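Below is one structure, written out as structure tokens, with a few remarks after it.
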Amino acid sequence: MTTWADLLFLLVLVLDLFVLASSRLRAGIRAVAAQGGLLALLPVVLAGPATETRHVVALALGALAVKGVGIPWLLARATRESTVNREVAPLVGFAPSMVLGALGIVVAVWYAGPIPLPVPGKHPLLVPTAIGTAWTGLLLIVTRRKAVGQVLGFLVLENGVFVLGLLLSDFMPAMVEVGVLLDLFAAVFVMGLVMFDIQRAFSSLDTEKLASLKD
Amino acid sequence: MLFTALQLAAFLVLPPLLLGVIGRVKSRVAGREGPPLLQPWRDLLRLAGKGAVYSRTTTWVFRAGPVVGLAAILAAGLLMPLGAPSATVAFAGDFALLASLLGLARFVTVVAALDTGSSFEGMGAAREVTFSALAEPALFLGLVSLARSTGGLDLTHLLGDGLAVAWRSDASSLLLVALSIFVVALAENARIPVDDPATHLELTMIHEVMVLDHSGPDLALIQYGAALKLYLFGALVVKLALGARLADPAAAFAAFLAGQLAFAAAIGLVEATMARLRLVRVPQLLIGASVLSGFALVLLLRT
Amino acid sequence: MAWNQTILGTGKDPIPTLSLLLIIAASCLAATSGGWALALRRRPALAQRVATAVLVLGAVLGMAGAVLALAGQGAAWTSDWPTPRASLSMKVDGLSAFFLLPVLGLPALASVYGLGYWPQVERGAQSIRLQLYFGLVTGAMAMVCVAANGILFLAAWEVMALAGFFLVFTEHEKPEVQRAAFVYLAAAHAGNLALFALFALLGRMAGSFEFAAMSGLDGGAPLAGWVFGLALFGFGLKAGLVPLHFWLPGAHAAAPSHVSALMSGVLLKTGIYGILRVTGFFEAVPPAWGGTLLLMGTASAVLGVAFALAQHDVKRLLAYHSVENIGIIAMGAGLALLGRASGNPALVVLGFSGAVLHVVNHATFKGLLFLGAGAVHHATGTRELDHLGGLGRTMPVTAALFLVGAAAISGLPPLNGFASEWLVFLASFQAVVGHGAGSTPLAGLAAPALALVGGLAAACFAKVFGTVFLGHARSSHAEHGHEAARTMLVPMAALALVCAAIGLFPVAWVPSLTRAAGEWSGLPAASLAGAAGEAAHGAWRVSLVALALLAGVGLLAGWRRRRLGSVQPAAPTWGCGFARPSPRMQYTGSSFADQLVLRFGWVFFPRTRVEPPTGLFPRRAAFGSHMPDTVLDLAILPALGSGVRVADRLRAQFGGRVQSKVLLVLLGVLGLLAWLGLR
């Protein structure tokens, strides 16, 4: 089972890098959807004999529905309707942001060891993946100009939080699940409103234009 | 001994067939019949039988390019395990010699291209050195990861029996390394998504545009050399992916050849399904390959 | 002063003693060789020949001595010197001998080259001055390599640094030469200051300035860290490790080419010698030393070659490549130090051998390249890459020899650059496979960095060779090229031969390298034997594959000749359908490297001047770019400039009034007293 979990974590991280490197918003959305699907598998793979099957299944299905299908579909529709389909000039270039992301992940892998965990015996890549994914999300939010790119960043960030949530799911299963999913939903909702408003005001999804609102 | 001779013979004969397989797979996916498998060999022989025309700008450097380039790739073939239990010449650090010989082949090709004074060939040469310089760290990060995982210091051990054990303990890292080396193989051999060997627009070419002025036997030497180089990188990918330990050398040899065919088919599939990347995106792909194998190394070092 | 005193080992083994005598004679002959040019100045042609002959004679004697030392045990000799705490102690061991070979050999060849390049008949006093300091710097470098007393070492070092300044200053009427020479002088003195402190500390730790007393110092002692830091600064400044390389490109570009060959080929190496010598004093070196050196070496190698790619002056470009190669040497030395810290003898042998062999190799191919660049400059009058082109037809021999140097510096087999880089690669892989306590797997990252450097160097030299020698002439400068004089070609051919010889048979060096590594690290020979055997085994196979490569080239060339005959139809270059291509449409060196230079945008700050074409029928458009050195032009000079401005403002505040100046002095003295009292 460890190998499969290894592979899953690795793929999640590779998808992080892919999102950082891709300039096409559509490809980015697809990658985030795939990442959501992979995350849905994680609770299943990580489930030990002690965990309750019902919770695992609920968490997996919920994650799949929301992260793997629902939100990506909404985003894809939003991009189809707007004219934007490519991040043109990010504040930090694609290759440098990928290298930055990789550095963050390396640091996470290196220093996750000493972090004291409430639950011993978890998978060694769990915390690094969570931190690395959250770091990727933050990078995306900071470096991208287009609102869709920033929403992708939020989603990746939430994916990181979700992975970290898995750590606690043994303690307070329901709370974590509901909390994580709701949090996510709220974030997307807010961003959706923001996108809609920017679009209506400027007929564009470039957040740089918000700067012109100053006096 | 028998298998050493056999692997060298296969190295000299089979590589153009890989090109044939790639062409066939591409055509089949597109719903066409495709050229016969032996077509690359026929093309080579036809070119070798022709005369050559030389640009008045060129010097001996241009004439030496194809000869030295092919000789370097042939010498590199001595260092790679190509199906036999061991490479023909194996020693600690042979991977560095292999990479440098391929570098020599590239250097003379680039210099020969610059000898024509053509702006197009200068452009191709600039792209070639840019992309290969960026591919180099990806390859070596992969090799370092393999060394960490198998404990080997030469290609025979890096790609040898130790891999069978390594695949069991470090599967995820090796997967990343294999992926990264596959990308390097595509880039080094001027395949899609880095370069399109079938394009007809000089502005978008990399490798082809460098050899625009070569003709006749010179071009035959270059194209044969390109096929041999593909076979060498195929060996790297196949040995890495195969990973299994086969006691019977004959079976291992057969598995290796089958792997080469599969490698060619995989390239054909990639070419049939993907478009060439914009040139500005190629460095990103190669840096991505470095990041992948670097990541594999970090995972290996942690444990 | 008794020269016959205390010759160690008299009677028992006379050969080592002879070796040291030969080297001392070489140092004296070389140092005084320029005197002949002055003494015979009435007959300038003869004078220069005599001076060169004396220098060559000295070099041959000294190299014979070094070879004897490499073959035998080495020798030491001590005599009194009426200076407090100093003595005329000299010692030649494996490390010294390896440095002596290029230190004497390259200047000798460069001085022969000077016969054609900087003739006394034409240049008169300028050439006499140059020869005086050329000999002096050579003799001083030889003395630095054998000095076994701190004071003697510093004296020789100072002579070397000052003579180097006068060499850079040869064409002192040019403003860029003045600037480069003064930056060199400032850097050299900052380094010397650190070295004085370094030897003061070493003397305090050992209780004597004799190197013999300094062996076996404890690397864990509190002062040891300071010693290493000072050595890294002082010697690193001389060697040109990033970010201490800032003086180097200007100085090397400003000096005459054979002087650049000497400075780049061997003068820098004295810095490496110093680092190796000082680290050899210590036992139980902490791993941080090796790690720091490896890190600085890697940074130098990568950034050096990246900066080189961005240059369009041939000699500045070559100078930045020296930074790169010094980086490779430092990587080897760092790996060897890590090996000593972690008790991994294989790492010590391979890293040390790679570093020291690269010292020799870099001297040969960089010497060759600078001499070739000088020949081009001599023939065309410009060093600007993008004004050259097509010289392969007018200067065929120079072109062929330059190509050998270019392939060698790019680490391509079968030439010598590969041999030493192979050892560093191997050392790095040795580090990565090591398991258990004290293992240093992170050092494995040196291998991919070195591979990147190799790829970039090959790109850079494809650019240089292609832009200078191939294609069409890009300006009228390049149309009037002519082949260099024979006195210039012979030294270049000799260096090219050495490149090929070392590259084809690297195994010849393995035993003496192993012995030198043993002396340096203090490890017993038995523990080094395993890795040395592995290196020898590999080196034989490198030779085998290299010979196979040559055989393959011969066979294929024969086949091609049989197929094609000797006369083939000629046509213009295929212009892809464009009807009237002109030489100005060729790819320039700058455009060739542009894609790679873009990748290093995070450390470069190029200044560009763009005049874009406008309108439907554009008349004139222009593009110019200049690459300032990030450290010198963007950090040090602005910092110094603002320092001067602050000082100016302060002076204006207190200007003219004696009282306020005295008050300042008083405050300063009081502050100093307070500080001393508080301690």
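Given B:K26/C:K463; B:K26/B:K229; C:K238/C:K463, which pairs have Cα atoms separated by over 25 Å?
Working: B:K26/C:K463 36 Å; B:K26/B:K229 20 Å; C:K238/C:K463 28 Å.
Result: B:K26/C:K463; C:K238/C:K463 exceed 25 Å.
In percent, how large is the relative contact order of chain B, given Cα pairs closer than 8 Å and 6 or more residues apart? Don't jump to the answer; show the numbers that get you there.
Values: 462 pairs, mean separation 90.6, N = 303.
Normalised by residue count, the contact order of chain B is 30 percent.
Once both labels are modelled 7 Å past Cα along the beta-carbon direction, what's the A:L7-C:A212 spacing in nm?
For the pair A:L7/C:A212, the computed spacing is 6.9 nm.
Per-residue mean of other chain beta-carbon atoms within 10 angstrom of the beta-carbon, peptide C:390-401? Mind showing how you got there, number by number?
Values: counts 4, 0, 6, 3, 0, 0, 2, 0, 0, 3, 3, 0.
Counting Cβ atoms of other protein chains within 10 Å of each residue's Cβ and averaging gives 2.
Given axes a ≥ b ≥ c from the Cα gyration tensor, I'd like to know whether the protein assembly as shown is rounded (a/c under 1.5), prolate (a/b larger than b/c) or oblate.
Prolate, because a/c is 1.5 or more and a/b exceeds b/c.
What does the structure give for A:8-15 when I average, per residue, the other chain Cβ atoms found within 10 Å of the residue Cβ?
Average per residue, whole number: 3.
Starting from the 7 Å offset along Cα-to-Cβ, what nm value, one decimal, do you get for the label separation of B:L2 and C:E158?
7.7 nm
Taking beta carbons within 10 Å but only from partner chains, what does the mean come to for residues B:43-53? The partial results should precede the final answer.
Values: counts 0, 0, 0, 0, 0, 3, 1, 2, 5, 5, 5.
Shielding by partners across B:43-53 averages 2.
How big is the charge dipole of the range B:2-302 about its Cα centre, in debye rounded to the nearest 20, if each Lys and Arg gets +1 on its Cβ and each Asp and Glu gets -1 on its Cβ?
Its charge dipole is roughly 440 debye.
Enter the per residue convex hull volume of chain C, computed from alpha-carbon coordinates, in Å³ rounded to the nearest integer. Please list the in-between numbers first.
Working: hull volume 147.1 nm³, N = 679.
Hull volume over Cα atoms, normalised by residue count, gives 217 Å³.
When ranked by the protection proxy of mean other Cβ atoms within 10 Å per residue, highest first, what sequence do the peptides C:587-599, C:202-214, C:445-457 form?
With the highest mean Cβ count within 10 Å placed first, the list reads C:445-457, C:587-599, C:202-214.
Could you tally the net charge around C:H362, taking each other residue with its Cβ under 13 Å from the Cβ of C:H362, Lys/Arg +1 and Asp/Glu -1?
Summing Lys and Arg as +1 and Asp and Glu as -1 gives 0.
At a Förster radius of 25 Å, what calculated FRET efficiency corresponds to the Cβ-Cβ distance of C:T487 and C:A64, to the nearest 0.05?
0.60
Is there a quick way to get the dipole size of chain C? I mean about its Cα centre, with the Cβ of Lys and Arg at +1 and of Asp and Glu at -1; what is the value in debye to the nearest 20?
About 1420 debye.
Highest GNM mean-square fluctuation, chain B, Cα pairs closer than 10 Å: which of B:L101, B:L70, B:L201?
Residue with maximal mean-square fluctuation among B:L101, B:L70, B:L201: B:L201.
Of B:G152, B:G268, B:Q223, which is farthest on the positive side of the dipole of the range B:2-302, counting Cα position, with +1 on Lys and Arg Cβ, -1 on Asp and Glu Cβ, and the Cα centre as origin?
B:G268
Contact order normalised by length for the range B:1-158, with contacts defined as Cα pairs under 8 Å and 6 or more residues apart; what percent is it? Numbers along the way, then the final one.
Details: 143 pairs, mean separation 37.5, N = 158.
Reported relative contact order: 24 percent.
Under a Cβ-Cβ cut-off of 12 Å, what is the net charge of the residues other than A:W73 that fall near it, where Lys and Arg count +1 and Asp and Glu count -1? Display every interim value, and only then the final one.
Details: positive: A:R30, A:K67, A:R77, A:R80; negative: none.
Net charge around A:W73: +4.
Positive end of the charge dipole of chain C (Lys, Arg +1 and Asp, Glu -1 on Cβ, about the Cα centre): tell me which of C:P82, C:P524, C:V168 has its Cα farthest that way.
The residue sitting most towards the positive pole is C:V168.
List, in the order given, every pair from C:K91/C:K269; C:K174/C:K366; B:K239/C:K366 whose Cα-Cα distance in the structure shown is over 30 Å. The partial results should precede the final answer.
Details: C:K91/C:K269 18 Å; C:K174/C:K366 25 Å; B:K239/C:K366 39 Å.
Where the Cα-Cα span goes over 30 Å, the pairs concerned are B:K239/C:K366.
Only Lys, Arg, Asp and Glu count, each charged at its Cβ (+1, +1, -1, -1), so figure out the dipole size of the protein assembly as shown about its Cα centre, rounded to 20 debye.
On the way: 79 positive and 57 negative charges, 427 e Å.
Using Cβ point charges on Lys, Arg, Asp and Glu, the protein assembly as shown gives about 2060 debye.
Hey, with R₀ at 41 Å, roughly what FRET efficiency would C:L650 and C:H626 work out to, going by the Cβ-Cβ distance, to 0.05?
0.75
Under 12 Å Cα to Cα from B:K50, which aspartates and glutamates show up? Leave out anything in the same chain fewer than 8 places away.
Hits, sequence-local ones excluded: B:D218.
Mind jotting down the distance between the C-alpha centroids of the range B:59-84 and the range C:41-62, whole Å?
45 Å
Using label points projected 7 Å from each Cα along Cα→Cβ, tell me how many nm separate A:L100 and C:R561, to one decimal.
My value for the distance between the label points is 6.0 nm.
Put +1 on the Cβ of each Lys and Arg and -1 on the Cβ of each Asp and Glu in the protein assembly as shown; which of C:G390, B:L141, C:L244 then has its Cα farthest toward the positive end of the dipole?
The listed residue farthest towards the positive side: C:G390.
Relative contact order for chain C: what percent, with Cα pairs under 8 Å and sequence separation of 6 or more? Let's see the in-between values first.
On the way: 1171 pairs, mean separation 76.9, N = 679.
Relative contact order for chain C comes out at 11 percent.
If you build the convex hull over the alpha carbons only and average its shadow over all orientations, what do you get for chain B? Give it in nm² to one decimal.
If you wrap the Cα atoms of chain B in a convex hull and average its projections, you get 15.3 nm².
So what's the gap between the Cα centers of the range A:1-37 and the range C:482-498, to the nearest angstrom?
Between the Cα centre of the range A:1-37 and that of the range C:482-498, the gap is 59 Å.
From the helices alone, meaning DSSP H stretches of at least four residues, give me the mean residue ellipticity at 222 nm for the protein assembly as shown, per-run term -39500 (n - 2.57), in deg cm²/dmol to the nearest 500.
Values: 47 runs with 844 residues, N = 1197.
Using -39500 (n - 2.57) per qualifying helix, the result is -24000 deg cm²/dmol.
No value in this document is a laboratory result; all are computed from the given coordinates. Computed from a prediction, not measured in an experiment: that's the story for all the values here. Methodologically, a virtual Cβ is constructed for each residue, glycine included, from the backbone with ideal geometry; neighbour enumeration extends over all protein chains shown.
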